[in-house]
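Chemist: Could you have a look at this structure, given as structure tokens, before my questions?
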Amino acid sequence: KPSQLFKARGGAGALTWSPDGSKLAFVSRRGTHSFAGIYDLEAKSIRWMEPSLGWDEDPVWSPDSKRIAYRHTPFTKAFTLFGPKREAPPWSVRVAVVATGESKPVFTAEAGRGSVYHATVAEHQILWAAGDLLVFPWERDGWNHLYSVPAGGGSPKRLTYGACEVEYVALGADPKE
């Protein structure tokens, strides 16, 4: 199966095979912004998922290979190399239709606390779980917890609780876990 044979991370971005093995999702990093793209092996073409001057990262495939979800962080001139980052233009989770490249936000972090994205230790920062749910970390209350949202959009549901950080995340063999 192609997805088991090839996964890469590096300067050009992550490469992830579609579940049907016909396409590759990748991130093209351009120094000041990045694009999520799909390479179609048969057509030998690239389709960009609503490119912008923001940062598009961490594409993950839907089980039917027809959509991808990815994280989008808007462009900002404010940049600090050292020190905590507590607030920024809110990041979002977007879902794109692979055939057209059209995407829409299905979740947008609130302004203020939680508006800066904080990653977990995981192969993918967004997990496409059973029931067409997207699972992702969000520091909404000052602690990095897991939330889910329907791939079509809706209100986020908190999945983990407590005065603690979620650090390592993976879906089980059964995507319900």
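Chemist: What does the accessible area of Asp20 come to, in Å² to the nearest 10, when a probe of 1.4 Å is used?
Modeler: 100
Chemist: Tell me, what is the percent relative contact order of the chain, built from C-alpha pairs under 8 Å that lie six or more residues apart?
Modeler: Worked out over the chain, it gives 13 percent.
Chemist: Follow-up. Helix-only mean residue ellipticity at 222 nm, the chain, DSSP H runs n ≥ 4 weighted -39,500 (n - 2.57), per residue, nearest 500. What is it?
Modeler: Dividing the helical sum by the residues of the chain leaves -500 deg cm²/dmol.
Chemist: What ranking of Leu53, Leu134, Leu24 comes out by heavy-atom accessible area, probe 1.4 Å, highest first?
Modeler: Putting Leu53, Leu134, Leu24 in descending order of accessible area: Leu53, Leu24, Leu134.
Chemist: When the C-alpha atoms of segment 123-177 are aligned to their principal axes, what extent does each axis show, in angstrom, from largest down?
Modeler: Principal-axis extents of segment 123-177 (Cα, largest first): 28, 25, 16 Å.
Chemist: Which distance in nm do the two modelled labels at Trp48 and Trp143 give, with both placed 7 Å along the Cα-to-Cβ direction?
Modeler: In this crude spin-label approximation the distance works out to 4.1 nm.
Chemist: Zone of Phe75 (label point 7 Å along Cα→Cβ, backbone N under 16 Å): which residues in segment 85-129?
Modeler: Residues passing the 16 Å test: 89-90.
Chemist: Can you run phi through the Karplus equation (6.51, -1.76, 1.60; θ = phi - 60°) for segment 23-40 and list ³J(HN,Hα) in whole Hz, with x for Gly and Pro?
Modeler: 9, 10, 8, 8, 10, 9, 8, 10, x, 10, 6, 8, 10, 8, x, 10, 9, 8
Chemist: Points 7 angstrom from Cα along the Cβ direction at Leu171 and Ala130: gap in nanometres?
Modeler: Going by the 7 Å Cα→Cβ label model, 1.1 nm.
Chemist: Hey, what do the phi angles of segment 163-177 turn into as Karplus ³J(HN,Hα) couplings, whole Hz, using 6.51/-1.76/1.60 and θ = phi - 60°, x for Gly and Pro?
Modeler: Once rounded to whole Hz, the list reads 7, 7, 9, 7, 10, 9, 9, 7, 6, x, 4, 8, x, 7, 10.
Chemist: At 0.36 nm per residue, minus the direct Cα-Cα distance, what do Lys157 and Ala119 gain on full extension? Give it in nm, one decimal, please.
Modeler: 11.9 nm
The values are calculated or read from the model by the stated rules, or taken from the named source; none is laboratory data. These numbers come from a predicted model, not from an experiment. Positions of Cβ are backbone-derived with ideal geometry, glycine not excepted, and every protein chain shown enters the neighbour counts. Ligands, DNA and RNA are stripped out before the accessible areas are found, and what is left, the full protein with its side chains, is counted by its heavy atoms. Shrake-Rupley method; radii C 1.70, N 1.55, O 1.52, S 1.80 Å.
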